[in-house]
Every structure is written in structure tokens, then in C-alpha cells.
Amino acid sequence: MLRGRLHLCGGRAQPFADATPCNRRSVNKRHSCSIQTKAADVSTVAPAGAANARTIVGKVSDPMARREKEMIDTQPPRGTRDFFPEDMRLRNWLFGEFAAVSRSFGFEQYDTPVLESEDLFVRKAGEEITEQLYNFEDKGGRRVALRPELTPSLARLVLQRGKTLPLPAKWFAVGQCWRYERMTRGRRREHYQWNMDIVGVEGVEAEAELLAAVVALLQRLGLGSGDVGIRVNSRKVLQGVLSAHGVPPEAFARVCVIVDKLDKLPRDKVESELVSAAGLPPASASSLLSALASLASLPDLRAALGPDSEAVADLERLFELAEGYGYKDWLVFDPSVVRGLAYYTGIVFEGFDRAGQLRALCGGGRYDRLLGSLGGREAEEVPMAGFGFGDAVIVELLKERGLLPELPHKVDDVVVPLDTHLRPAAAGLASRLRRAGRSVDLVLEAKKMKWAFKHAEKLHACRLILVGAEEWGRGNVVVRDLAAFQQAEVPAEELV
């Protein structure tokens with residue numbers, strides 16, 4: 001029990017207490033211990049310099065302070081998330097899967113600041129991402145933004161290294177991104193994104209390798225080609241169709257952004273936007289969408305664009321490589337997939353839930369001219385390809401399929417000192433076990449044996465280690481194997 005006083009220091013009540021547990025002599029003797037309590041008198045002492053001091057028995061309260069200090073809003077800002085320990089276990093598991101796949105493909109990890117220069121993300125192609133920036137002027141008068149994606153930051157690093165960067169470079173990152181957008185299932189205003197990028201490879205072999213990594217991750221998570229598909233296209237397909245319909249090259253980037261909305265908006269709205277925002281004649285807008293809809297397969301594409309089409313050659317080569325990798329059944333040719341970011345130049349792809357319940361799981365492609373758009377004249381021709389894979393949608397899909405793992409809090413050992421004077425010994429034992437690589441929960445307060453067993457069970461511990469007076473006097477501790485339900489007295493120095 002506690003004997004204590006509340007001492008008002010600077011207007012704040014501070015408890016002082018001492019506790020005297022009963023003596024515990026041996027682990028092997030059955031006994032029950034509790035802390036005996038003496039009556040507590042609670043007094044307040046006026047701060048130094050006060051005219052009068054007053055003594056109160058009971059709870060100290062200040063109604064005025066309660067009124068002045070109202071409860072804050074405990075929810076995070078709209079569109080963001082808290083990660084409690086159980087949430088962090090899931091997040092760390094998923095990020096570990098991202099990293100494991102990346103490293104199995106020989107990629108190296110990088111990172112960049114969440115806060116970047118606004119110029120890195122502001123482009124003039126009508127992209128939604130530019131309108132969704134969390135951007136502001138800092139105290140130094142600089143325009144900055146919270147990154148909405150990772151690829152421009154990667155491009156900045158490539159430009160920073162310049163010709164000293166050995167090519168090809170294979171890098172990956174897992175970073176937080178911010179977009180002020182309308183929230184739906186799996187879409188928040190902040191999310192974490194796994195990116196893999198290949199710098200310096202011209203052929204579609206780069207895209208084939210990246211797609212293999214996406215499939216490898218999905219398979220590790222327990223998903224198959226019946227759960228997830230990957231729509232594949234080339235920006236060059238749209239370029240060829242646009243040329244055939246008399247659309248000027250300067251309208252290409254804006255048209256791509258609008259066509260990318262075909263899976264989100266009705267056709268008539270997309271057609272209307274092509275006229276109003278991209279400046280296409282109504283007849284051209286209608287015929288363009290009809291032409292894309294008629295390209296249902298690669299043979300249809302070959303017939304429409306001809307056998308010498310670069311787009312046809314790239315896509316046929318990609319599907320050939322996919323067959324070699326063993327993931328061809330995951331791919332679906334879809335000419336409406338162009339990705340909404342203006343910097344894509346060739347192959348583009350997008351992972352989707354075949355049940356149609358969720359938005360895209362991932363997306364990527366080739367972006368050979370991104371460096372040039374950022375002012376990198378010497379490096380503007382460096383070929384680049386990559387993808388982004390968000391954390392929110394994949395968790396929703398795994399939850400729906402019953403594939404989320406159970407990730408309880410676990411430790412190897414729970415160490416319990418059974419007497420106050422044995423706490424230094426228990427602390428030394430816990431430290432030695434931790435240095436040996438074991439995770440150890442050291443009980444820091446006097447607790448009953450029943451509590452100790454329940455606590456070890458809750459932590460899914462392998463062993464409960466009891467430091468008792470008689471055993472420690474012989475240089476031993478009692479070790480209970482919680483899986484085998486066996487208990488033995490073991491020399492403390494031999495415990496590992």
C-alpha cells in the first residue's frame with residue numbers, strides 16, 4: 001500500500017509514495033503476497049511566498065483549471081491516420097514485404113525529405129496532382145510542398161549525381177505521400193507508397209522486371225491472378241491514335257490526363273472534357289474514344305497501327321517476356337490505360353482488383369523525359385521506368401480476402417524479480433539476455449505470481465524467468481517453458 005503526500009509545486013500536485021511489499025522467500029513455495037497499505041493522509045502545501053497555507057484531506061481539485069483546459073480533439077486531422085502499436089505491427093510487416101521483394105531483385109533503398117520544393121511537382125498539363133498539393137510558403141519565403149509522390153524526388157537525386165551515377169541504377173523507397181483529395185475506400189490524404197525504379201535501361205526489359213516484382217509481392221501476400229490483374233498499354237498507342245485523328249502534338253499530355261478518367265467517369269463526361277479542356281472538335285473526341293474502345297487485343301492493335309508500330313513492338317515484346325517470367329496470365333491489354341501523370345512516355349500499367357470493388361493497387365511505366373522536364377539537359381535522354389504501390393488499398397484487399405496475418409505482440413522472455421532487493425539482479429539478467437539477441441520484458445513493479453503468468457501468456461512469451469531469493473542465493477533462477485509447461489531451476493550464468 002502507498003503512504004503518500006500530494007505536494008503542490010508551482011501549482012501542480014506531485015505524488016510521493018513509498019511501498020513496502022511483503023517478503024518473498026522462494027519461488028517453489030506456494031504463497032500469496034500483497035502490498036499492505038497504511039492510511040494515507042493527503043495534504044497540500046502552499047507554494048513558497050504564499051501568505052497562507054492550508055491543509056485539505058481528500059482530493060485536490062481546481063474547477064477553474066478544468067474549465068480553462070478543455071479536452072482537445074483526440075482524432076487526427078481529416079484524411080490522416082494514427083498508428084497504435086497493433087497498427088504499427090501490420091505496417092512494419094507490410095513494409096518488410098516491400099523491402100524483401102525489392103532486395104530479392106537486387107535493388108538498393110533510398111529516401112528523400114517529405115518536404116520538397118514546390119517547383120518539383122508543379123507542371124502545366126492539367127494534372128489533378130498539381131491541384132491536390134499541400135503547398136505553402138515557409139518562413140524564409142520559399143514555396144514548398146509535401147510530396148504527393150516519390151518519382152520526382154528520385155529524378156532530383158539522379159540529376160544531383162549526374163554522370164557520376166553508375167548505370168543502370170536500381171533503387172527502391174517506402175515513403176509517406178500527401179494529396180488533398182476526396183476520400184474514398186482505400187484513398188486518404190496521406191498514404192505510404194512503395195516505389196521501385198530502374199534508371200538507364202532503354203528496352204521494355206525494365207518494365208518486365210518491375211512487373212515481375214509487383215507480381216512477386218502479390219504472391220507473397222497470398223494473392224493470385226484471379227484476385228488481381230495488371231492492365232497494360234503504351235502511351236505510344238494513344239499517340240498513334242491521336243495522330244490518325246488529327247490531334248496536334250501539343251494537346252497530347254492534356255488528352256492523356258483526361259483519357260485516364262475513363263474508368264472513373266462515364267464516357268460522355270470524358271468526351272465533353274476532351275472538347276472543353278483539351279480543345280478537341282466534338283467529332284474528333286467521339287471518334288478517338290471509339291477507336292480506343294475498338295482495340296480489344298494486341299492483334300486488333302497491330303491491325304490498327306500496322307506491324308511497324310513501335311507501340312505494337314513494345315507491347316508484344318513485353319508479353320513475350322511476361323510469359324518467360326511466368327506471369328503472363330496476370331496481364332490484360334487495355335488501351336484506355338494511359339496513367340494521369342504527364343511525364344509517362346511509353347509502357348504504362350496499373351494493378352486492379354478483379355472483383356471491381358477497389359481503386360487501383362499500383363501504377364507505373366516509362367518516363368524517359370522526366371529529367372529533361374526538370375531542367376536536366378545533359379541527362380534528359382536517360383531512360384527511366386518505375387512504379388508506385390500504395391499501402392492503403394492492398395490492406396483493404398487483404399482484409400477482404402481474409403489474408404491479413406495475425407501479428408500479436410511477442411517477446412522471448414518475461415523476467416520477474418520476486419523481491420525488491422532482487423531487482424538489480426533481474427535487471428542484469430535481462431540486459432545479458434538482450435545482448436544475446438533475445439527480446440525481454442522486465443517486470444518493473446511488485447506483482448503477484450498469478451499476474452506474472454497471465455502477463456507472460458498475453459505477451460506470447462516463450463519463457464517466464466522468476467528471480468527468487470532462495471534460488472538466487474544458490475546462483476539460480478526458475479525458468480518456466482510456457483510452451484512445454486515445464487519448469488526447472490537453472491544456473492543464471494548458463495541461461496541464454
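Annotations for the structure displayed:
- Taking the range 322-348 as the range and being within 15 Å of Glu207 (Cβ to Cβ), in a helix (DSSP H, G or I) and not small (Gly, Ala, Ser) as the test, the residues that pass are Glu323, Tyr325, Lys328, Trp330.
- Helices (runs of 4 or more DSSP H) enclosed by the range 212-321 - at least 2 residues per element that are crowded, with 16+ Cβ neighbours inside 10 Å and within 31 Å of the chain's Cα centre (by Cα): 252-259
- Flag if Leu358 is among the hydrophobic types (A, V, I, L, M, F, W, C), open to solvent by 30 Å² or more (accessible area, probe 1.4 Å) and outside any helix (DSSP H, G or I): no
- Subset of the range 73-112 that is aromatic (Phe, Trp, Tyr) and closer than 24 Å to Arg220 by Cβ - its residue that is modelled with the lowest pLDDT: Phe83
- Verdict on Asp368 being among the charged types (D, E, K, R), open to solvent by less than 20 Å² (accessible area, probe 1.4 Å) and more than 30 Å from Leu495 (Cβ to Cβ): no
- Look at the range 326-337: where a residue is of a type in the set (Lys, Arg) and a partner is open to solvent by 50 Å² or more (accessible area, probe 1.4 Å) and at pLDDT 95 or above, sitting 6+ places away or on another chain with Cβ atoms under 9 Å, you get Lys328/Glu320.
- Subset of the range 198-210 [over 20 Å from the mean Cα position of the chain (by Cα) and under 23 Å from Pro335 (Cα atoms)]: Glu202, Gly203, Val204, Glu205, Ala206, Glu207, Ala208, Glu209
- The single residue among Arg188, Arg182 that is closer than 29 Å to Leu397 by Cβ, open to solvent by 60 Å² or more (accessible area, probe 1.4 Å) and free of Cβ contacts under 8 Å to residues at least 40 places away in the same chain turns out to be Arg182.
- Of all residues in the range 77-93, those satisfying the criterion of being in a helix (DSSP H, G or I) and in contact (Cβ under 8 Å) with a residue 40 or more places away in the chain are Pro85, Glu86, Arg89, Leu90, Arg91, Trp93.
- Looking only at the range 398-412, residues that are part of a loop (DSSP other than H, G, I, E, B) and open to solvent by less than 70 Å² (accessible area, probe 1.4 Å) come to 8 in all.
- Within the range 191-211, if we keep just the residues that are in a helix (DSSP H, G or I) and open to solvent by 10 Å² or more (accessible area, probe 1.4 Å), the residue that is nearest to Thr151 (Cα to Cα) turns out to be Glu209.
- Output for the range 454-495, where each listed residue is surrounded by fewer than 16 Cβ atoms within 10 Å (Cβ to Cβ), under 37 Å from the mean Cα position of the chain (by Cα) and at pLDDT 95 or above: Lys454, Glu457, Lys458, His460, Asp481
- The conditions of being free of Cβ contacts under 8 Å to residues at least 60 places away in the same chain and not basic (Lys, Arg) are not met by Ala492.
- Exactly one residue out of Leu133, Leu159, Leu150 is surrounded by 17 or more Cβ atoms within 10 Å (Cβ to Cβ), in contact (Cβ under 8 Å) with a residue 12 or more places away in the chain and more than 23 Å from Ala385 (Cα to Cα), and it is Leu133.
The values are calculated or read from the model by the stated rules, or taken from the named source; none is laboratory data. Since this is a predicted model, take the numbers as computed values, not measurements. Glycine also receives a Cβ, built like all others from the backbone with ideal geometry; neighbour counts cover every protein chain displayed. All accessible areas refer to the heavy atoms of the entire protein, side chains included, with ligands and DNA or RNA removed. Shrake-Rupley method; radii C 1.70, N 1.55, O 1.52, S 1.80 Å.
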